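Colleague: Just dropping this structure here.
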Amino acid sequence: MRLNPKIIRTPVAGEDLRKLRTGDPVLISGTLYTARDTAHKRMVQMLEQGQSLPVDLNNQILFYAGPAPAPPGKPVGSIGPTTACRMDAYTPALLEKGLKGTIGKGARGDIVRKAMIKHGAVYFAAIGGIAALLAKCITSSRIVAFEDLGPEAIRKLEVSDFPVIVVNDTEGNDLFEQEIQKYKKI
């Protein structure tokens, strides 16, 4: 991993995303929205029915997470990344609506990687196992859609210096594939 993390503020600017490369450490500040499987399914169904999304995802980043209940005085409890490929069927439709970044764990499928290139989007990984640390980067949290889904409701998080790593950049490079190739040469 490279030292000197890149700084990204949301809503994100396309030119800032185009400067990122796989393996870059990034600190995100601003707004993140959470959404998992069921919320994604509902949003895509809404789009298919000609409805507006419950939140404006244009130039925003979705964090695939559902937080644990908040302890007293904290905006959220532990909040770790969900496996990203679970959202692959829904992600291209949201990228079409202006979504510019996603955060999860694990690799993305080919359909999502192609859609990210087409729409100038980036996939970031948050490290699994550091959910308590990630919670410390969140300064506020509120449910903004699908409250009936409990921890899977869409939340608006305000974050400061939220640590992630670029896995897929806007040029289609893939950190997982690059690292596997290094070990195949050994």
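Where a number appears in this text, it was derived from the coordinates with a stated rule and is not lab data. Bear in mind the structure is a predicted one, so any value in this text is a computation, not a measurement. Cβ: placed from backbone, ideal geometry, glycine included. Neighbour counts: every protein chain shown.
Colleague: So between ALA89 and ASP148, what do we pick up on full extension, going 0.36 nm a residue minus the alpha carbon distance?
Modeller: Numbers: separation 59, 0.36 × 59 = 21.24 nm, distance 2.24 nm.
Length gained, ALA89 through ASP148: 19.0 nm.
Colleague: Reachable lysines from LYS97, Cα under 19 Å, same-chain residues fewer than 8 places away excluded?
Modeller: LYS41, LYS114, LYS118, LYS156
Colleague: Using a 10 Å cut-off on Cβ atoms, rank the peptides 127-133, 16-22, 155-161, 102-108 from the highest mean neighbour count down. Present the calculation step by step, with values, prior to reporting the outcome.
Modeller: On the way: 127-133: 13.7, 16-22: 16.7, 155-161: 18.9, 102-108: 22.1.
With the highest mean Cβ count within 10 Å placed first, the list reads 102-108, 155-161, 16-22, 127-133.
Colleague: With an 8 Å Cα cut-off and a minimum separation of 6 or more residues, compute the relative contact order for the chain in percent.
Modeller: 29
Colleague: Compare the Cα positions of ALA145, GLY172, PHE162 along the charge dipole of segment 129-186 (+1 at Cβ of Lys, Arg; -1 at Cβ of Asp, Glu; about the Cα centre) and return the one farthest towards the positive end.
Modeller: Positive-end residue among those listed: PHE162.
Colleague: Could you calculate the contour length gain from THR139 to LEU3, that is, 0.36 nm times the residue separation minus the distance between their Cα atoms, to one decimal place in nm? Intermediate values should be presented prior to the final figure.
Modeller: Numbers: separation 136, 0.36 × 136 = 48.96 nm, distance 2.51 nm.
Taking THR139 through LEU3 to full extension adds about 46.5 nm, to one decimal.
Colleague: What list of whole percents do you get for P(r) of segment 97-171, with Cα-Cα distances grouped in 5 Å bins up to the one holding the largest distance?
Modeller: 3, 14, 18, 21, 21, 17, 5, 0
Colleague: Moving on to the next point. Ordered by packing density, taken as the mean number of other Cβ atoms within 10 Å over each peptide's residues, highest first, how do 179-185, 62-68 rank?
Modeller: In decreasing order of mean packing, 179-185, 62-68 become 62-68, 179-185.
Colleague: Quick one: grab the alpha carbon gyration tensor of segment 6-184, order the square roots of its eigenvalues as a ≥ b ≥ c, and give me rounded if a/c is under 1.5, else prolate or oblate depending on whether a/b is larger than b/c.
Modeller: Oblate shape, in that a/c is at least 1.5 and b/c is the bigger or equal ratio.
Colleague: Still on this structure, please answer the following. Relative to the present Cα-Cα distance, how much length would full extension add between ALA70 and ILE130 at 0.36 nm per residue of separation?
Modeller: Values: separation 60, 0.36 × 60 = 21.60 nm, distance 1.61 nm.
So the extension gain works out to 20.0 nm.
Colleague: Another question about this same structure. Classify segment 44-112 as rounded, prolate or oblate, taking a ≥ b ≥ c as the square roots of the eigenvalues of its Cα gyration tensor: rounded when a/c is under 1.5, otherwise prolate if a/b is larger than b/c and oblate if not.
Modeller: Verdict is oblate for segment 44-112.
Colleague: For segment 6-184, with only Lys/Arg (+1) and Asp/Glu (-1) charged at the beta-carbon, what is the dipole magnitude about the Cα centre, in debye rounded to 20?
Modeller: I would put it at about 200 debye.
Colleague: Between GLN45 and GLU15, what is the label-to-label distance in nm when each label sits 7 Å out along the Cα-to-Cβ direction?
Modeller: Computed distance between label sites GLN45 and GLU15 equals 4.2 nm.
Colleague: Rounded to the nearest 5, what is the percent of antiparallel bridges among the DSSP beta bridges in segment 6-184?
Modeller: Counting only bridges with both partners in segment 6-184, antiparallel ones make up about 60 percent.
Colleague: Picking from ALA93, GLY14, ILE127, whose Cα lies most toward the positive end of the charge dipole for segment 6-184 (charges on Cβ: Lys, Arg +1; Asp, Glu -1)?
Modeller: Going by the Cα projections, it comes out as ILE127.
Colleague: To continue, here is another question. Using alpha carbon centroids, what distance separates segment 1-44 and segment 93-170, in Å?
Modeller: Comparing the Cα centres of segment 1-44 and segment 93-170, I get a distance of 7 Å.
Colleague: Using packing as a proxy for protection, rank 33-40, 111-118 so that the peptide with the highest average count of other Cβ atoms within 10 Å comes first.
Modeller: The densest-packed peptide leads the list: 33-40, 111-118.
Colleague: Name the shape class, rounded, prolate or oblate, that the alpha-carbon gyration tensor gives for segment 25-83, where a ≥ b ≥ c are the square roots of its eigenvalues, rounded holds for a/c under 1.5, and otherwise prolate holds if a/b is larger than b/c and oblate otherwise.
Modeller: Prolate.
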